[in-house]
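Accompanying notes for the structure given below.
Values in this text are rule-based calculations from the coordinates and carry no lab data. Computed from a predicted model, the values in this text were never measured in an experiment.
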Amino acid sequence: MQISLIRDAIADAARAVVLPAGTAKLTSTGYTPDAITPPCFFVAEVEVTYDKAFGRGLSAAN
């Protein structure tokens with residue numbers, strides 16, 4: 001599984017949101033930006049620890 005593909009898919013889905021008239025266009029990204037201009041949607045950081053056990057028997061996402 002590539003987490004980057006999932007993050008990008010979530011950001012793409014957020015881009016489909018229609019905001020009320022008079023509101024700026026929603027910007028969306030799959031990564032935490034250095035700075036934002038509201039309205040903005042971004043996918044939070046994710047940390048995955050691989051190979052905690054032999055043969056990838058234990059992987060954990062935080």
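Here are the numbers for the structure shown:
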{"quantity": "Sequence-distant residues sharing a close amide H with TYR31 (under 5 Å, placed H)", "calculated": "VAL43"}
{"quantity": "Karplus-derived 3J(HN,Hα), 6.51/-1.76/1.60, for each residue of the range 28-35, Hz, glycine and proline x", "calculated": "8, 8, x, 9, 6, x, 5, 8"}
{"quantity": "HN-Hα J in Hz across the range 6-13 - Karplus 6.51, -1.76, 1.60, θ = phi - 60°, x for Gly and Pro", "calculated": "5, 4, 5, 5, 5, 4, 4, 5"}
